[in-house]
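Enquirer: Below are the structure tokens for one structure; questions will follow.
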Amino acid sequence: MQRRDLFKAGAAVPAAMAAPLASPAKAQPARLLKFIPQADVAVIDPIVTTAYVTRHHAFLIYDTLYGLDAQFRAQPQMAAGHTIENDGKLVTITLRPGLKFHDGAPVLAKDAVASIKRWWARDAMGQALALATDELVPLDDTRFVFRLKKPFALLFDALAKPGSPVCFVMPERIAVQDPNVPFKDIMGSGPYRYKADERVPGSLVVYERNTDYVPRSGGAIEWTAGPKVTHFDRIEWRVIPDASTAASALTNGEVDWWEQPTADLLPLLRRNRNVKTELYDPTGLLGLCRFNHLHPPFDNPAIRRALLGACSQSDYMSAVIGTAPAMWKDKVGFFPPGTPFASDAGIGPLVGPRDYDKVKRDLAAAGYKGEKVVLMGATDFPTLNALAQVCLDMLQKAGMNVDYVSTDWGSIVTRRANRNPPEQGGWNIFLTFFTGLDFFSPAGHLGLRGNGLAAWPGWPTMPKVEELRAAWFDAPNLAEQQRIAREIQAEAFQQVPYIPVGAYFQPWSYRSNISGVLNGMPLFWNVRRG
């Protein structure tokens, strides 16, 4: 069963405050693009974090061996092509000529091999590829080879997937560093260079066009596939946490593009003839309430299960994106609604009226004795702030002793990697979201990994889920994969690695004189003014 066939089956799914900008409203120079990201870039290493703002930052600087087209098919990007031999167990990839890092050094096969190994240490789908691989080595400067234990049908899909962490290629000297420790040396080969000398934390991130970048030739420009042709010499990310200030900057023409307008300001933006507002990701965004499984009280699965009865997905989603029913969905499990692996298996505790008296009884029966719960909420990220506020209310109604840590998203991204007890700088709960594409199947679903300390922050240990996931990779057809996915979801509702809090569809807004904006995520090639 090919991953692209699965995606086709689900392709019908619907789709500190920065200072005000100094200059008055006026047209922007043709070669400058100003963009308001969802948050500041706190972590620059795209492998150690799944934060989307870091991924978007990285797509400017780095390139990938394969990209994903609009039909969810893997297409060569840095790769010139590949050969498959020995009944699928020998895969040789050849780099296209002329690839150079920003310092002028050539991109070599050894750089690609080291980058893949750093990535697969952290990525759910990459870990499956690593387990199926006997050896990954360079053959010469332009070719490297996977020697597989058995055929791995999703190999190119894994290298192409745009979900965090992405398999970006970086120099070997950087890629060999510990994948659990953020690097500080940014050196890519992508269409833009990072301007560290102009960085203003909490306010400004700057990129300049890489004049040495040679786009691949041929193919449609779709998602992360095809020629990465740039039309701006300079891109400025203006970090503006205050939504009203951001909306004003966009409507006045002081910025060009706002990634995540808040629900209350969407009617204003839609009425402005100089602004386009559109849904950009047909797979939607799935919200989740993530538990830390290492420390009390959420090291106890019965306590995690008890809180399922306190979760109102409609409350979470209406807080995030408003009450319009077309903008969100409830009764959502661990896979995106409307896609091939979505089901109602085990979802009963999330459906029906909320009974907080019962939740309190269930918590007491599970052994909760009033332990403090450290909940982290992102004040500079409106969507996540809304999720955290609903979670705070849920926990308090359930009678839990909550220590609410109100901070910026960058600090949460950093703190959530801390495995220490909460009283030593750790945590118990944070809220975030992933795109439906990231959670489409068990293959790349980080939130459903149960491999302990090797898992995504929260570090659940779920042997049965891991066993079922391995069986899913070996399933002979879609029907069997769907059956296994139902079992995975049913077990996940017993173990509760996180609480699914619903799915929503986030629009972005940009000036009407901007064209060529690609769907899926903020990508800065193909975009032009006029």
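Enquirer: Would you confirm whether any residue within the range 179-198 is touching a Gly at 6+ places or on another chain (Cβ under 7 Å) and under 30 Å from L90 (Cβ atoms)? First the steps, then the outcome.
Expert: At the first step, the residues of the range 179-198 found to be touching a Gly at 6+ places or on another chain (Cβ under 7 Å) are none.
Among the residues of the range 179-198, not one is touching a Gly at 6+ places or on another chain (Cβ under 7 Å) and under 30 Å from L90 (Cβ atoms), which makes the answer no.
Enquirer: Keeping to the range 391-400, report how many residues are crowded, with 23+ Cβ neighbours inside 10 Å and either of a type in the set (S, T, Y) or within 27 Å of F505 (Cβ to Cβ) (or both).
Expert: 2
Enquirer: Mind telling me which of the residues T461, T414 ends up being under 11 Å from M376 (Cβ atoms) and either in contact with a strand residue (DSSP E or B) (Cβ under 9 Å, 6 or more places away or on another chain) or of a type outside the set (G, A, S) (or both)?
Expert: T414
Enquirer: For the range 360-373, indicate whether the set of residues that are more than 30 Å from I36 (Cβ to Cβ), surrounded by fewer than 20 Cβ atoms within 10 Å (Cβ to Cβ) and touching a Pro at 6+ places or on another chain (Cβ under 6 Å) is non-empty. Show your work before the answer.
Expert: Just the residues of the range 360-373 that are more than 30 Å from I36 (Cβ to Cβ), to begin with: 360-373.
Filter once more, keeping what is surrounded by fewer than 20 Cβ atoms within 10 Å (Cβ to Cβ): 360-361, 364-367, 369-372.
Adding the requirement that they be touching a Pro at 6+ places or on another chain (Cβ under 6 Å) leaves 371.
Yes, because at least one residue in the range 360-373 is more than 30 Å from I36 (Cβ to Cβ), surrounded by fewer than 20 Cβ atoms within 10 Å (Cβ to Cβ) and touching a Pro at 6+ places or on another chain (Cβ under 6 Å).
Enquirer: Something else: For the list (1) assigned to a loop (DSSP other than H, G, I, E, B); (2) modelled with pLDDT under 95, I need the number of the one condition that P267 fails.
Expert: (1)
Here is a yes/no grid of residues against (1) of a type in the set (S, T, N, Q); (2) surrounded by 22 or more Cβ atoms within 10 Å (Cβ to Cβ); (3) assigned by TED's automatic domain parsing to the domain that holds S411:
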residue: S189; (1), (2), (3): yes, yes, no
residue: V205; (1), (2), (3): no, yes, no
residue: A247; (1), (2), (3): no, yes, no
residue: T251; (1), (2), (3): yes, no, no
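Enquirer: Just wondering, is there one or more residues in the range 418-427 that are in contact with a strand residue (DSSP E or B) (Cβ under 7 Å, 6 or more places away or on another chain) and more than 26 Å from S203 (Cβ to Cβ)?
Expert: Of the residues in the range 418-427, the ones in contact with a strand residue (DSSP E or B) (Cβ under 7 Å, 6 or more places away or on another chain) are 422, 427.
Subsequent filtering for residues that are more than 26 Å from S203 (Cβ to Cβ) retains 422, 427.
Yes: one or more hits.
Enquirer: From the list I484, I499, which one is in a helix (DSSP H, G or I), of a type in the set (V, I, T) and either surrounded by 23 or more Cβ atoms within 10 Å (Cβ to Cβ) or in contact with a Phe, Trp or Tyr (Cβ under 8 Å, 6 or more places away or on another chain) (or both)?
Expert: Working: I499 fails: in a helix (DSSP H, G or I).
Exactly one of I484, I499 is in a helix (DSSP H, G or I), of a type in the set (V, I, T) and either surrounded by 23 or more Cβ atoms within 10 Å (Cβ to Cβ) or in contact with a Phe, Trp or Tyr (Cβ under 8 Å, 6 or more places away or on another chain) (or both), namely I484.
Enquirer: Whether any residue in the range 215-226 is of a type in the set (F, W, Y), within 25 Å of the chain's Cα centre (by Cα) and part of a strand (DSSP E or B) is what I want to check. Even if it seems obvious, please write down each step before you answer.
Expert: Initially, the range 215-226 is screened for residues of a type in the set (F, W, Y), giving 223.
When the remaining residues are screened for being within 25 Å of the chain's Cα centre (by Cα), the result is 223.
Adding the requirement that they be part of a strand (DSSP E or B) leaves none.
No - not one qualifying residue is present in the range 215-226.
Enquirer: Is it true that some residue in the range 512-523 is modelled with pLDDT of 95 or more, closer than 21 Å to H57 by Cβ and surrounded by 22 or more Cβ atoms within 10 Å (Cβ to Cβ)?
Expert: Yes, the conditions are met somewhere in the range 512-523.
Yes or no, residue by residue, for (1) assigned by TED's automatic domain parsing to the domain that holds E491; (2) among the aromatic types (F, W, Y); (3) modelled with pLDDT under 95:
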| residue | (1), (2), (3) |
| --- | --- |
| A302 | yes, no, no |
| R305 | yes, no, no |
| D315 | yes, no, no |
| A324 | yes, no, yes |
| F334 | yes, yes, no |
| D344 | yes, no, no |
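Enquirer: Something else about it: Within the bounds of the range 104-120, is there any residue that is out of contact with any His (no Cβ under 6 Å at 6 or more places or on another chain), at pLDDT below 95 and either surrounded by 20 or more Cβ atoms within 10 Å (Cβ to Cβ) or within 13 Å of Y62 (Cβ to Cβ) (or both)? Can you show your working first?
Expert: Kept after step one, since they are out of contact with any His (no Cβ under 6 Å at 6 or more places or on another chain), are these residues of the range 104-120: 104-120.
Still in the list and also at pLDDT below 95: none.
Checked the range 104-120: no residue is out of contact with any His (no Cβ under 6 Å at 6 or more places or on another chain), at pLDDT below 95 and either surrounded by 20 or more Cβ atoms within 10 Å (Cβ to Cβ) or within 13 Å of Y62 (Cβ to Cβ) (or both).
Enquirer: Could you go through the range 452-469 and let me know if any residue there is assigned to a strand (DSSP E or B) and at pLDDT 95 or above. Lay out the reasoning, then the answer.
Expert: In the first step, residues of the range 452-469 are kept if they are assigned to a strand (DSSP E or B); the result is 461.
Adding the requirement that they be at pLDDT 95 or above leaves 461.
Looking through the range 452-469, at least one residue is assigned to a strand (DSSP E or B) and at pLDDT 95 or above.
The rows are residues; the columns are (1) over 21 Å from the mean Cα position of the chain (by Cα); (2) on the phi > 0 side of the Ramachandran plot; (3) crowded, with 24+ Cβ neighbours inside 10 Å.
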position: A417; (1), (2), (3): no, no, no
position: P421; (1), (2), (3): yes, no, no
position: L431; (1), (2), (3): no, no, yes
position: G447; (1), (2), (3): no, no, no
position: L453; (1), (2), (3): no, no, no
position: G458; (1), (2), (3): no, yes, no
position: P463; (1), (2), (3): yes, no, no
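Enquirer: For the range 136-159, name all the residues that are in contact with a helix residue (DSSP H, G or I) (Cβ under 6 Å, 6 or more places away or on another chain) and of a type in the set (G, A, S).
Expert: A158
Enquirer: Specify the residue that is nearest to R234 (Cα to Cα); the eligible residues are those in the range 483-506 that are at pLDDT 95 or above and touching a strand residue (DSSP E or B) at 6+ places or on another chain (Cβ under 8 Å).
Expert: Keep residues of the range 483-506 that are at pLDDT 95 or above, which gives 483-503.
Now restrict to residues that are touching a strand residue (DSSP E or B) at 6+ places or on another chain (Cβ under 8 Å): 496-503.
Values: V496: 45, P497: 42, Y498: 40, I499: 41, P500: 39, V501: 38, G502: 37, A503: 35 Å.
Among them, the one singled out is A503.
Enquirer: For residues that are at pLDDT below 95 and in contact with a helix residue (DSSP H, G or I) (Cβ under 7 Å, 6 or more places away or on another chain), tally how many sit in the range 54-100.
Expert: 5
The values are calculated or read from the model by the stated rules, or taken from the named source; none is laboratory data. Just so we're clear, the structure is a prediction, and the values are computed from it rather than from any experiment. As a convention, Cβ positions derive from the backbone with ideal geometry for all residues, glycine included, and neighbour counts pool all protein chains shown.
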